[in-house]
Amino acid sequence: MSQTAFLFPGQGSQYVGMGQDLSEAYPEARATFDQADKVLGFALSDLCFNGPEEALNDTINTQPAIFVISVASLRALESSRLQAPSFVAGHSLGEYSALVAAGAMDFAAGLQLVRERGRLMKEAGERSPGGMAAVLGLE
């Protein structure tokens with residue numbers, strides 16, 4: 001019996017347009033974005049699909065956006081009847097997506113937690129400015 005693991009990304013993997021193709025190809029992904037829009041009370045889907053980049057890169061939006069695309073991807077994979085993962089893990093913010101994938105947390109509750117996490121991190125950054133960097137493309 002083969003085993004699979006899903007690893008969910010943290011902040012820094014966002015980009016304008018993320019999730020749009022997935023949402024168009026998989027009704028389960030579209031439903032995830034629709035649910036997120038309803039839970040949050042604004043069109044996070046539009047922000048993910050169309051930007052602007054500056055707003056998407058704002059921590060208060062970035063964190064729920066990555067969480068939603070991660071769960072939308074998970075639901076699209078599940079609809080394809082692929083083997084359920086044997087293990088799930090997440091890097092930083094990705095831990096919340098892993099909790100949803102493991103069935104330990106409800107999507108709506110996770111989304112509300114992630115939105116609040118992003119708000120608090122933004123507030124902390126404004127009080128004590130710092131920086132964050134993502135290292136991409138290393139050999």
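The values are calculated or read from the model by the stated rules, or taken from the named source; none is laboratory data. All values derive from a computational prediction rather than experimental measurement. Cβ coordinates were reconstructed from backbone atoms using ideal geometry, including for glycine residues, and neighbour counts include every protein chain displayed. Calculation scope for accessible area: heavy atoms of the full protein, side chains included, ligands and nucleic acids excluded. Shrake-Rupley method; radii C 1.70, N 1.55, O 1.52, S 1.80 Å.
Suppose we take every Cα in the chain and form the convex hull; what volume per residue is that in Å³? Mind dumping the intermediate values first?
Working: hull volume 16.9 nm³, N = 139.
Roughly 121 Å³ of hull volume per residue.
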Notebook entry, point to check: Over the alpha carbons of the stretch 13-86, what is the largest minus smallest coordinate on each principal axis, giving the biggest first in Å?
Noted result: 37, 22, 20
Margin query: Given a 1.4 Å probe and heavy atoms of the protein chains only, how would you sort MET121, MET1, largest accessible area at the top?
Written below: MET1, MET121
Item checked: For the stretch 10-23, 3J(HN,Hα) per residue [Karplus equation, 6.51 cos²θ - 1.76 cosθ + 1.60, θ = phi - 60°, Hz, x = Gly/Pro] -> x, 4, x, 9, 7, 7, 5, x, 5, x, 5, 4, 4, 5
Checklist line | Alpha carbon Rg of the stretch 1-49, scaled by the compact-globule rule 2.2 N^0.38 Å | finding: 1.36
Notebook entry, point to check: Karplus couplings for the stretch 49-57 from phi (6.51 cos²θ - 1.76 cosθ + 1.60, θ = phi - 60°), rounded to Hz, Gly and Pro as x?
Noted result: 6, 10, x, x, 4, 4, 5, 5, 7
Notebook entry, point to check: Amide H neighbours of PHE6 under 5 Å, counting only residues 5+ apart in sequence or on other chains, H built in-plane at 1.01 Å?
Noted result: PHE87, VAL88, ALA89
Check: Which FRET efficiency value, to the nearest 0.05, is calculated for ARG81 and GLN35 with the Förster distance at 22 angstrom and r the Cβ-Cβ distance?
Finding: 0.55
Next item on the list: Quote the charge dipole size of the chain about the Cα centre in Debye, to the nearest 20; the model charges only the Cβ of Lys and Arg (+1) and of Asp and Glu (-1).
Entry: 320
Item checked: CD proxy at 222 nm, helix term only [per DSSP H run n ≥ 4: -39500 (n - 2.57); per residue of the chain; nearest 500] -> -18000 deg cm²/dmol
Margin query: Show me the helices of the chain, taken as full DSSP H stretches, that run 15 Å or more along their long axis by Cα and average 0.0 or above in Kyte-Doolittle hydropathy.
Written below: 59-79
